[in-house]
Amino acid sequence: MRRTRNPARSRAVARVATAVLSTALALTGCSHTSHPSHTAHQDTGKAAEGSRPVPPDARHIALKGAVNVRDLGGYRTSDGKQLRYGVVFRGDALGKLTPADLAVTSKLGLKSVVDFRLPVEVRTDGADRLPKGASAIPLPIDDTGLYERTTAAIGSRDPAQQQKALGDGKGAQTMQRIYRTFVTEAGARHQFAKVLDTIADGKRLPLLFHCTSGKDRTGWMSYVLLRAVGVPARTAEADYLLSNDIRKTADEKTREGLKKSGVMKDPQLIVPLQEVRKDYLGAALTEADHRYGSFDAYLSKGLGLDAGTLHKLRTRLLK
């Protein structure tokens, strides 16, 4: 970075780069305004029985300072039971919640907020702003240096370096590698298992878990939880893919900001980092099958969930 660069502008660039990278972190602004009240659910569960869940606005909790906060309630299991609303939530970073947002989230009655972000993400993007009564549970998931490497490439403002790091399919390949680490890395498995154990225990519910963008680490955690309680794979996958719809406007604005600020000549390079894709989820699932033989075996052997814990999960979450 040149020494003559405006410090305020540099900080703004860092924040934009962080938003992009956190998306890449799969562990790695703008709000949704067309939504019903969180308490006004219209979901009968019927839509969740098929190939897709109910529309995102039926579960989405609209906030000014977070884009991708959702209630995981309402989904139907293969045996016809339904996840309870108001017990487990998924989200993105909560560090920019407004006073109005805190008023909304306080109505959720949260006791626990699990944060999968790395310390560098928290330092850059800010610690969570939690509603009264909610306690933080930091469970950072290691990205094996991805965050800093990608930050360096984007922050370099060098189109050639950015192309080398992210072009020609490298962005998508990077995301697939990250998703495999959700299965291969003992540390990641421990953190995901810890969340499931906490939910099964029930003492710290309602609970919200999140990363920075609420789509990769959080997306895998949501997928695993839904499958663990008996939600069909196709429905769990559809919930995972909803992040693309919910984050679309915010992600477009991020790319526009990167181009207008001169940080990136071709911000389309970050699209694979911003999106969730079936191949990313598929990379983790294939790895689970390869290492453990099946998804159920991944739950029992990889995450250490015994029959008793799975039973408690179903009891806590289903009706």
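Overview of values
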| quantity | calculated |
| --- | --- |
| Accessible carbon and sulfur surface of the stretch 205-282 relative to its total accessible area, %, 1.4 Å | 47 |
| Accessible area of the stretch 237-319 divided out per residue, in Å², using a probe of 1.4 angstrom | 49 |
| Kirkwood hydrodynamic radius of the stretch 78-208, from inverse mean 1/r over distinct Cα pairs, in Å | 17.2 |
| Cross-link pairs Lys132/Lys248; Lys81/Lys248; Lys111/Lys278; Lys194/Lys253; Lys107/Lys215 - those with Cα-Cα distance over 27 Å | Lys132/Lys248; Lys81/Lys248; Lys111/Lys278; Lys194/Lys253 |
| Relative packing of peptides 298-306, 86-94 - highest average C-beta neighbours within 10 Å first | 86-94, 298-306 |
| Neighbourhood net charge (10 Å Cβ-Cβ; Lys/Arg +1, Asp/Glu -1) for Thr286 | -1 |
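The values are calculated or read from the model by the stated rules, or taken from the named source; none is laboratory data. Predicted model, so just to flag it, every value in this text is computed and none were measured. Cβ coordinates were reconstructed from backbone atoms using ideal geometry, including for glycine residues, and neighbour counts include every protein chain displayed. The protein model used for the area step is the full one, side chains on, heavy atoms only, and it has no ligands, DNA or RNA in it. Shrake-Rupley method; radii C 1.70, N 1.55, O 1.52, S 1.80 Å.
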